[in-house]
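Take a look at the structure below.
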Amino acid sequence: MDQPSGRSFMQVLCEKYSPENFPYRRGPGMGVHVPATPQGSPMKDRLNLPSVLVLNSCGITCAGDENEIAAFCAHVFELDLSDNKLEDWHEVSKIVSNVPHLEFLNLSSNPLSLSVLERSCAGSFAGVRKLVLNNSKASWETVHTILQELPDLEELFLCLNDYETVSCSPVCCQSLKLLHITDNNLQDWTEIRKLGIMFPSLDTLILANNNLTTIEETEDSLARLFPNLRSINLHKSGLHCWEDIDKLNSFPKLEEVKLLGIPLLQSYTTEERRKLLIARLPSIIKLNGSIVADGEREDSERFFIRYYMEFPEEEVPFRYHELVTKYGKLEPLAVVDLRPQSSVKVEVHFQDKVEEMSIRLDQTVAELKKHLKTVVQLSTSNMLLFYLDQEAPFGPEEMKYSSRALHSYGIRDGDKIYVEPRMK
């Protein structure tokens, strides 16, 4: 059979990991001895091959000599072949079948949709536990073939594959724990429920950037579909009603949720979003990547009660009544304005005159003197100011620094400012 044109896996491997490009490290399994070849091969007497091979974006189109792959890669367990030009599953099979301990394989951004994956080829993937097919445009038929031949597959990545629907596999994949299927176009819940049927042991489901609009399922059905789901990521989905959030409580083992960038939450403040979500999801221990501590949960649940206490009865969620049963009916929090005062009313004393004035606290002593010039008929250079705190035991304090701001004196309503002429 003719060798496909382009660069082979073995050619790239020898170029990248030759002694000149990849300094030799001593240790068991680090160096692979290769006998000299009369054909002028670029291989040297010894290559330094790590157990994790990264050969992304190298223009690989084919496998190369399978005997050489077997000699070089017996100890390799992770292989990144993303963003190459592999378009034939048979060539991928030649590589993988000669890497006996392979557990992680990344085939992202290879044009593999141009060929059909036969079960005989997929069988060479049998030991793989983590498979990445992002942006490979792999068909569901290809995915089904893989699932049937990979009995130990635990993590599957199917992002950026333009999926609008999900095709159910004829057999369930009991081993899969994590499915990463972001950045597709799975808008209808009827497609998502098929994932629960195919992967009954699923622990983590990452659905970000799919524009899922609603969760159309009964609570009992949700519990049966995803009985082991512990974590779900719905970032930038199209969820727009609180009823969909409440349905997440139907997953019996759910403890982690990610819900940033959804239409439902756009009108709320950052504080409101987090507290309302925590209060509605009593079983979660991590929200949007942050741990929910016991104190934060109680604060959020009390916030929830106060948030809905003035709503019409028909708009109050059921969770409100559950929390009222837990905490009782709470009093509204007092509204306290913590902003600093911008002005105060003080008594200005000059000789025998007393005048009540409102002064701005953001101005300086020099600016206050200018303001008082017309009141006391003194020039600013001939004016001394003294501040008397009505509760201070030490008497008046001279305001001697012209650039000092008035708020730094702690002036309050009712305090006194004395004006005296400077002695010549």
- Query: List pairs: first in region 301-320 and assigned by the TED database to the domain that holds Thr269, second among the β-branched types (Val, Ile, Thr) and in a loop (DSSP other than H, G, I, E, B), Cβ under 8 Å, 6+ apart or cross-chain?
  - Reply: Tyr308/Val316
- Give me the pairs, please: first residue somewhere in region 388-404 and assigned by the TED database to the domain that holds Val354, second residue anywhere and surrounded by 13 or more Cβ atoms within 10 Å (Cβ to Cβ) and of a type in the set (S, T, N, Q), beta-carbon distance under 8 Å, and either six or more positions apart or on two chains. Ser402/Thr364; Ser403/Thr364; Arg404/Thr364
- Task: Test each condition in (1) in a helix (DSSP H, G or I); (2) in contact with a Pro (Cβ under 7 Å, 6 or more places away or on another chain) for Tyr387 and report the one that comes out false.
- Result: (1)
- Can you find a residue in region 209-224 that is touching a Lys or Arg at 6+ places or on another chain (Cβ under 8 Å), in the same structural domain as Tyr320 (by the TED database), under 19 Å from Glu154 (Cα atoms) and open to solvent by less than 50 Å² (accessible area, probe 1.4 Å)? no
- In region 29-68, residue farthest from His101 (Cα to Cα) [restricted to those that are at pLDDT below 50 and assigned to a strand (DSSP E or B)]: Arg46
- Go through region 364-386 residue by residue and tally those that are without any contact (Cβ under 8 Å) to a residue 40 or more places away in the chain and touching a Ser or Thr at 6+ places or on another chain (Cβ under 8 Å). 4
- Quick one: which of Leu117, Leu107 is buried (at least 22 other Cβ atoms within 10 Å of the Cβ), touching a Ser or Thr at 6+ places or on another chain (Cβ under 8 Å) and more than 19 Å from Phe9 (Cα to Cα)? Leu117
- Item | Cβ pairs under 6 Å, 6+ apart, first in region 262-282 and touching a residue at least 24 places away in the same chain (Cβ under 8 Å), second open to solvent by less than 40 Å² (accessible area, probe 1.4 Å) and among the small types (Gly, Ala, Ser) | Ile262/Ser237; Lys275/Ser300; Ala279/Ser300
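The values are calculated or read from the model by the stated rules, or taken from the named source; none is laboratory data. Predicted model, so just to flag it, every value in this text is computed and none were measured. Note that each Cβ is placed from the backbone with ideal geometry, even for glycine, and that neighbours are counted across all protein chains shown. What goes into the accessible areas is simple: the full protein's heavy atoms, side chains included, and nothing from ligands, DNA or RNA. Shrake-Rupley method; radii C 1.70, N 1.55, O 1.52, S 1.80 Å.
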